[in-house]
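Data first, discussion second: the structure below is written as C-alpha cells.
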Amino acid sequence: MTNSLNDMRHAKSFIFIGSNAAEAHPVSLQHILHAKEVNNAPIVVVDPRFTKLAAKGTDFVRIRPGTDAAFMMGLVNAVIENDWHDKEFIRTRVSGFAEMAEVASHYTPETVEDITGIPAAEVTRIAELLATHRPTSLTWCMGGTQHHIGSSITRSFCILQLVLGNMGKSGGGTNIFRGHDNVQGATDMCVLSHSLPAYYGLSDGSWKHWCRVWDVDYEWMVSRFKEKKWMNAKGFTLARWYEGVLGEEEIDQYTPIKAMIQWGCGSNSNSQYTRVKRALDKLELLLIIDPFPTMAAAACESDNVYILPCSSQYETSGSVTSTSRQIQWRDKVIDPIHGCKDDYQIMKEIVNRLGFADKFYKNIKQSPEDISLELGRGSLTIGYNGSPPERIKRHMANWHTFDIDTLEAKGGECDGEYYGLPWPCWTTEHPGTPILYDVSKPVAKGGLPFRNRFGLEKTYDASGRTENQLAADGVYTPGSEVEGGYAEFKDVVPGTNWKTDLSQETIKEAIRKGMAPFGNARARCIVWTFPDQVPIHREPLHSPRPDLIARYPTYEDQPNHFRVLTRFKSEQDPTLAKKFPFVLTTGRQVEHMGGGAETRSNKYLAELQPEMYAEVNPRTGNNLGIRDGEMIWIESPEGSKVKVKAWFTERVDETTIFMPYHFGGMLEGRSLMDNYPKGHEPYVIGEPANVVTNYGYDIVTQIQATKDGLCKISKA
Ligand SMILES: Nc1nc2c(c(=O)[nH]1)N[C@H]1C(S)=C(S)[C@@H](COP(=O)(O)OP(=O)(O)OC[C@H]3O[C@@H](n4cnc5c(=O)[nH]c(N)nc54)[C@H](O)[C@@H]3O)O[C@H]1N2
Ligand SMILES: Nc1nc2c(c(=O)[nH]1)N[C@H]1C(S)=C(S)[C@@H](COP(=O)(O)OP(=O)(O)OC[C@H]3O[C@@H](n4cnc5c(=O)[nH]c(N)nc54)[C@H](O)[C@@H]3O)O[C@H]1N2
Ligand SMILES: [Mo]
C-alpha cells in the first residue's frame with residue numbers, strides 16, 4: 001500500500017477492483033465506511049460478483065473475469081478525452097504519458113463494453129465520478145492479479161491513479177490489500193524464487209551484500225552451488241514446484257526434486273491439484289511444518305510424510321509487517337503447548353543438523369530480536385534499518401498515543417513518529433513514511449519523491465522520443481538541497497551506493513541534505529522490462545469469447561519461465577468454450593483462511609461455514625435441470641472434477657460459477673478423512689476448488705490464474 005488503512009479515512013471516493021474487503025479485510029471497513037459517512041465518499045466496487053463489499057458500496061460494476069485492464073485503460077482514456085487528467089502532475093512527475101495515452105485511446109467506451117460487459121455509458125460515468133471526487137483511493141486485490149495478464153492489470157491500476165494525480169496524497173494512492181497478517185513482511189523478506197531479501201535482485205552484488213550482512217564468506221557461498229550460474233538463475237515458483245518432481249513438462253536442465261518442505265503452506269492453495277497430488281506421492285521426502293495437518297498430509301498417500309507440529313503465533317514472538325507497511329512486535333502469550341516447537345526452534349534444529357549453524361548464527365544469539373536486527377541492517381532498500389526491535393516495542397507500549405487519522409503520536413515517548421514506523425524508516429531517528437511519494441513533507445519527516453531506477457533518460461521504442469526520467473524542476477521535498485529531480489545517491493563511501501553501504505553514511509548524508517537516498521524521479525507509465533510495456537487487454541487463456549481471441553490473443557509460449565515451459569498460445573483454444581461454457585472464478589469467505597487447515601479445525605468457524613459449495617445463478621441451474629442445494633459435478637478442461645453443492649444466488653450472473661477455495665480433505669468425490677493423523681482431523685472437509693481451477697500463469701510473475709478459467713457443470 002502506498003498509503004495506509006487509516007489514511008483511507010481521507011478519501012473522497014473509492015474504487016475497489018478485484019477486492020472483497022468486507023470478507024477478506026473486515027477491519028479495514030471501519031476506515032472505509034468512516035469516509036463514506038463523513039466525506040460522502042462514493043464506493044465503486046468492480047467485481048464479477050455482487051459481494052458483501054458491493055452491498056456496502058454505492059456503485060456496483062459487474063465485470064467479466066480477466067478483463068480489468070481493458071476497463072482501466074478505458075477509464076484512463078475517458079479521463080484524458082474529457083480533459084479530466086491532472087496535467088501539472090503528469091508534466092512534472094510522470095514519464096511515458098504520451099505513448100501510454102496513444103495505447104489507451106483504443107479503449108473507447110464501446111470497445112470496453114464489448115470486452116468487459118460493462119455498458120459504455122457506465123465507463124464514462126465512473127470516470128467522471130472519480131474525476132469529480134478527488135482524491136480517489138484505489139484498492140486492488142486478488143481479483144486483479146490471478147490472471148495470465150495480472151502484471152499488466154496491476155500496472156493499469158497505477159496508471160489511472162497517476163493520470164488522476166492521486167499519488168503521494170492523503171486519501172489517494174494505490175492501496176493493495178495484502179494477504180496474511182504478515183504477508184507484507186514475508187514479501188519484504190522475499191521468500192520467493194527470484195530475489196534475495198528486501199528486493200535485492202539475483203546478482204553477484206546482491207549476494208556479496210547479504211554475505212557481508214550475514215558475515216559469511218562469499219566464496220563459501222558460491223561453493224554451495226553446483227555451478228555458479230545457478231546462484232543468479234530464478235528457481236521454481238510455488239505455483240509450479242510439482243513440475244520439478246513430475247518431470248513431465250520441458251524443464252531447464254532437469255534434475256528431479258526429491259524432497260519438499262512445506263512450511264506454513266496449505267497445499268490445496270495450488271492449482272492443478274490432481275497433478276500436485278501425484279507429485280506429493282512421488283516425493284522421497286515430504287516434510288510439513290504447520291500447527292495443523294494440512295491437505296498435503298492427507299492427500300499424500302506414500303509413507304514418506306513427516307509432520308512437525310509447530311506452535312501458533314500466540315506461543316512465540318517477533319516482528320510482523322502489516323498491509324500498511326507498519327511493523328509491529330507480537331508478544332508471546334503462552335509457552336508452546338502439546339510438545340510443539342516454534343518456527344525459530346525448528347529452523348535452528350534443521351540448520352544445526354545440516355551443519356550450517358556456525359555460518360548463519362554468528363549474529364544471532366537471541367531469537368527473534370537478533371534476527372530482526374540482522375535483517376534490518378541489510379534491508380536498506382526498504383528502510384528497515386530504522387526500526388530495531390526496541391523502537392517497535394516502544395510503539396506497541398504507547399499505541400494509545402497515536403492519532404487514528406494521521407497515525408502520528410501526539411506527545412509521549414514517540415512524539416512525532418508514525419505508528420509502526422511505516423517503511424522506509426531511513427534511520428533510528430526517522431519517524432517512518434506514512435504515505436509513499438508525498439513531496440509535501442521533508443524526507444526526514446516522512447516525505448518522499450518517486451524513486452529513480454532504470455537510468456536517467458529513456459528513448460521510447462514506439463515514438464523515438466527521448467524523455468528525462470527525473471522529476472521536473474520545482475518538484476522536491478521541503479528543505480531539499482536540489483530543487484528538482486536528482487539521481488540516487490552513490491559513492492559517498494567509495495564503491496558503494498545507498499543500498500549497499502552498510503555504514504549507512506550514504507543514507508544519512510542524503511537525509512542531511514533534505515533528499516531521498518533513492519533519488520527524485522518520475523513514475524513510469526511504460527515498463528520496458530515487461531512483455532507489454534503499456535498494459536493492453538489479452539483474452540484469458542481459456543476464454544468464453546472465441547471471437548475476441550483473434551483480436552486480443554495471448555502471448556507466445558515461454559520456455560524456461562521460472563525453469564519450466566509455460567504454455568500461452570498453444571493453450572488458448574478457441575473451441576474450448578463450446579465444451580466448457582461457464583467462467584470459473586474462486587475466492588474467499590470471511591470465516592475461513594487460505595487452504596482452511598486452521599479454520600476448518602476450529603469448531604466455531606467450521607459450524608459457521610460447514611460445507612463446500614458453488615455459487616450458481618438460478619437461471620443457469622434451472623436451465624440445466626439442477627435444483628438449489630443439489631450436488632453437482634464441476635469439470636475442468638484438464639479433465640479433473642469436483643463434487644459440490646449448488647447454491648443458487650443472483651450474486652453471480654448466468655455465465656459465472658464461483659467457488660470458495662478454503663476446502664480440502666476430499667479429492668474428486670473421495671473422502672480422505674482416514675488419512676489424517678487420528679484425533680487431528682479437521683471438523684469439516686470438502687473438495688478443493690483448485691482441483692478444477694484451470695492451467696494458466698502470469699507472464700511476469702507466474703502467479704496462477706485461479707480467477708478466470710472455464711468449466712462445465714452437471715447434476716451429480
Ligand atoms: N477471511 C479471510 N481473509 C483473508 C484471507 C482468507 O483466506 N480468509 N486470505 C488473505 C489473503 S492471502 C489474501 S491474498 C486476501 C485476498 O483478498 P481478496 O482478493 O479481496 O479476496 P478474493 O475473494 O480472493 O478475491 C476478491 C474478489 O475478486 C473477485 N474477482 C474474481 N475474478 C475477478 C476479475 O477478473 N476481476 C475483478 N475485478 N474481480 C474478480 C472475486 O469475485 C472476489 O469477490 O485476503 C486475505 N484475507
Ligand atoms: N483457487 C484459488 N487458489 C488460491 C487463491 C485464490 O484466490 N483462489 N489465493 C492464493 C493466495 S493469494 C494465497 S496467499 C495462497 C495461500 O495459500 P497458503 O499459504 O498455502 O494457505 P494457508 O492455508 O493460508 O496456509 C497457511 C498455513 O500456515 C499454517 N500456519 C499458521 N500459523 C503458522 C505458524 O506460525 N507457523 C507455521 N509454520 N505455520 C503456520 C496454517 O495452519 C496453514 O496450514 O493461496 C493461493 N491459492
Ligand atoms: Mo494471498
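Of all the residues in segment 127-154, those that are in contact with a Pro (Cβ under 7 Å, 6 or more places away or on another chain), more than 12 Å from ligand 1 (Cβ to nearest atom) and not hydrophobic (A, V, I, L, M, F, W, C) number 2.
Those helices (runs of 4 or more DSSP H) of segment 74-128 in which at least 1 residues are under 30 Å from ASN520 (Cβ atoms), considering only elements entirely within it, cover 87-93, 97-104. Only one of the listed residues (VAL44, VAL61) is farther than 27 Å from GLU408 by Cα and either outside the structural domain of MET142 (by TED's automatic domain parsing) or touching a Gly at 6+ places or on another chain (Cβ under 9 Å) (or both). That residue is VAL44. Can we say ALA510 is small (Gly, Ala, Ser), in contact with a Ser or Thr (Cβ under 9 Å, 6 or more places away or on another chain), farther than 16 Å from GLY709 by Cβ and outside the structural domain of PRO291 (by TED's automatic domain parsing)? Spelling it out, it is not the case that ALA510 is small (Gly, Ala, Ser), in contact with a Ser or Thr (Cβ under 9 Å, 6 or more places away or on another chain), farther than 16 Å from GLY709 by Cβ and outside the structural domain of PRO291 (by TED's automatic domain parsing).
Taking first residues from segment 1-30 that are assigned by TED's automatic domain parsing to the domain that holds ALA54 and partners that are assigned to a helix (DSSP H, G or I) and among the basic types (Lys, Arg), the Cβ contacts under 6 Å between residues at least 6 apart in sequence or on separate chains come to ALA22/LYS52; ALA22/LYS56; GLU23/LYS52. For segment 477-501, the candidate set comprises residues that are in contact with a Ser or Thr (Cβ under 8 Å, 6 or more places away or on another chain) and among the hydrophobic types (A, V, I, L, M, F, W, C); within that set, the residue that is least open to solvent (accessible area, probe 1.4 Å) is TRP498. Can you work out which of the residues in segment 177-202 that are open to solvent by less than 40 Å² (accessible area, probe 1.4 Å), under 19 Å from GLY383 (Cβ atoms) and not in a helix (DSSP H, G or I) is nearest to ligand 1 (Cβ to nearest atom)? Top of the filtered list is CYS190.
Only residues that are within 16 Å of ligand 2 (Cβ to nearest atom), open to solvent by 40 Å² or more (accessible area, probe 1.4 Å) and either closer than 16 Å to THR321 by Cβ or modelled with pLDDT of 95 or more (or both) were counted across segment 351-381, and they come to 1. As a summary of the residue check, GLU509 satisfies the conditions (1) crowded, with 19+ Cβ neighbours inside 10 Å; (2) over 30 Å from ARG49 (Cβ atoms); (3) not β-branched (Val, Ile, Thr) except for the one numbered (1). Every condition in (1) at positive phi; (2) in contact with a helix residue (DSSP H, G or I) (Cβ under 9 Å, 6 or more places away or on another chain) is met by GLY355 except one, and the failing one is (2).
Yes or no, residue by residue, for (1) within 16 Å of ligand 3 (Cβ to nearest atom); (2) closer than 22 Å to GLU687 by Cβ:
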{"position": "GLN572", "(1), (2)": "no, no"}
{"position": "GLU598", "(1), (2)": "yes, yes"}
{"position": "SER601", "(1), (2)": "no, yes"}
{"position": "GLN609", "(1), (2)": "no, yes"}
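Quick one: what pairs do we get from segment 111-137, first residue within 27 Å of ASP547 (Cα to Cα), second open to solvent by 20 Å² or more (accessible area, probe 1.4 Å) and not in a loop (DSSP other than H, G, I, E, B), C-beta under 6 Å, 6+ apart or different chains? Qualifying pairs under 6 Å: PRO119/GLU113; ALA120/PRO109; ALA120/GLU110; ALA120/GLU113; VAL123/PRO109; THR124/PRO109. Is one or more of the residues making up segment 251-264 crowded, with 21+ Cβ neighbours inside 10 Å, in a loop (DSSP other than H, G, I, E, B) and among the hydroxyl-bearing types (Ser, Thr, Tyr)? Within segment 251-264, not a single residue is crowded, with 21+ Cβ neighbours inside 10 Å, in a loop (DSSP other than H, G, I, E, B) and among the hydroxyl-bearing types (Ser, Thr, Tyr).
When you look at MET73, is it surrounded by fewer than 24 Cβ atoms within 10 Å (Cβ to Cβ), at pLDDT 95 or above and either hydroxyl-bearing (Ser, Thr, Tyr) or assigned by TED's automatic domain parsing to the domain that holds LYS36 (or both), yes or no? Here the answer is no, as MET73 does not meet what is asked. Working only within segment 465-502, note down all residues that are without any contact (Cβ under 8 Å) to a residue 60 or more places away in the chain and in contact with a helix residue (DSSP H, G or I) (Cβ under 8 Å, 6 or more places away or on another chain). Of everything in segment 465-502, those that are without any contact (Cβ under 8 Å) to a residue 60 or more places away in the chain and in contact with a helix residue (DSSP H, G or I) (Cβ under 8 Å, 6 or more places away or on another chain) turn out to be THR477, GLY479, SER480, PHE489, LYS490, VAL492, VAL493, THR496, ASN497.
The values are calculated or read from the model by the stated rules, or taken from the named source; none is laboratory data. Quick caveat, the model's predicted, so the values are computed rather than measured. Methodologically, a virtual Cβ is constructed for each residue, glycine included, from the backbone with ideal geometry; neighbour enumeration extends over all protein chains shown. Accessible surface areas use protein heavy atoms only, side chains included; no ligands, DNA or RNA. Shrake-Rupley method; radii C 1.70, N 1.55, O 1.52, S 1.80 Å.
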